[in-house]
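A.B. asks: Here's a structure for you.
Each reported figure results from applying straightforward, stated rules to the coordinates on display, with no laboratory input. It should be emphasised that the depicted structure is a prediction, and the values quoted were computed from it without experimental measurement. Cβ coordinates were reconstructed from backbone atoms using ideal geometry, including for glycine residues, and neighbour counts include every protein chain displayed.
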Amino acid sequence: MKKAAVILCVSALAGMALVTSCSKDPKNPGLEYMPDMYRSPSYEVYGANPLFKDSLGMLQPVAGTVPRNYVFFTYPNTLEGYEAASRDVKNPLAANEENLTEGKRLYNVYCTNCHGEKGQGDGSIVAIGKFPPPPSYSTGNSSRGGAMKDLTAGKIYHTITYGLNLMGSHAPQLNPTERWKVVMFVNQLQTGGTSPVAASDSTKTPSVSTKATALK
């Protein structure tokens, strides 16, 4: 008899728990046992957080923080920095078919919309009249002076890094190695796309010291 009473009580309690824990509202979890054990309170990334002085949930990195594997480019976004990059910075990558092919692929992804497939400034957004055409790599003149075909690898890399006029910076889209591959392909477009792979600044893998200078 005792055993039956215990079973009856347990069944009744289980039934009550089942009823009270259910809800027609899909956002209402109902009655939960120790919810903090598996549903810990959290703050939205861009929401308020009373635990910090600035009340922001997302903290700023410590001053001077540098991302892992970050590559510095110490030439500023000025005309002086542009000219200095032209003088000092050389393409550190080996001028081979593999790098040129990858440079072409990246160029087709990020550059053809404006510059066109052959670098003639006739990209798709230019063709529909949304933006003025950029100068041709082989026959145009740079807004900073001089012929586009005479732009050095350092100048092209500087422009990809910082952008120029209506062209924004492509540093967020292309890491330094990818930028140099694009530079290599642009070097080919400067001669109408007929130059050999050796159009790059380098024909062999440079020494460590040269590479450090070029990838600043």
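A.B. asks: Count the net charge of all other residues whose Cβ sits under 12 Å from the Cβ of GLU102, scoring Lys and Arg as +1 and Asp and Glu as -1.
C.D. replies: Once positives and negatives cancel, what remains is +1.
A.B. asks: Under 5 Å between amide H atoms, partner at least 5 residues away or on a different chain: which partners does ASN141 have, H built in plane at 1.01 Å?
C.D. replies: Correct list: SER136, MET148.
A.B. asks: Follow-up question, since we're still on this one. So what's the net charge close to CYS114: Lys and Arg +1, Asp and Glu -1, counting the other residues with Cβ under 12 Å from its Cβ?
C.D. replies: On the way: positive: LYS130; negative: GLU117, ASP122.
Once positives and negatives cancel, what remains is -1.
A.B. asks: Another one. Order 150-159, 164-173 from most to least packed using the mean count of other Cβ atoms within 10 Å.
C.D. replies: 150-159, 164-173
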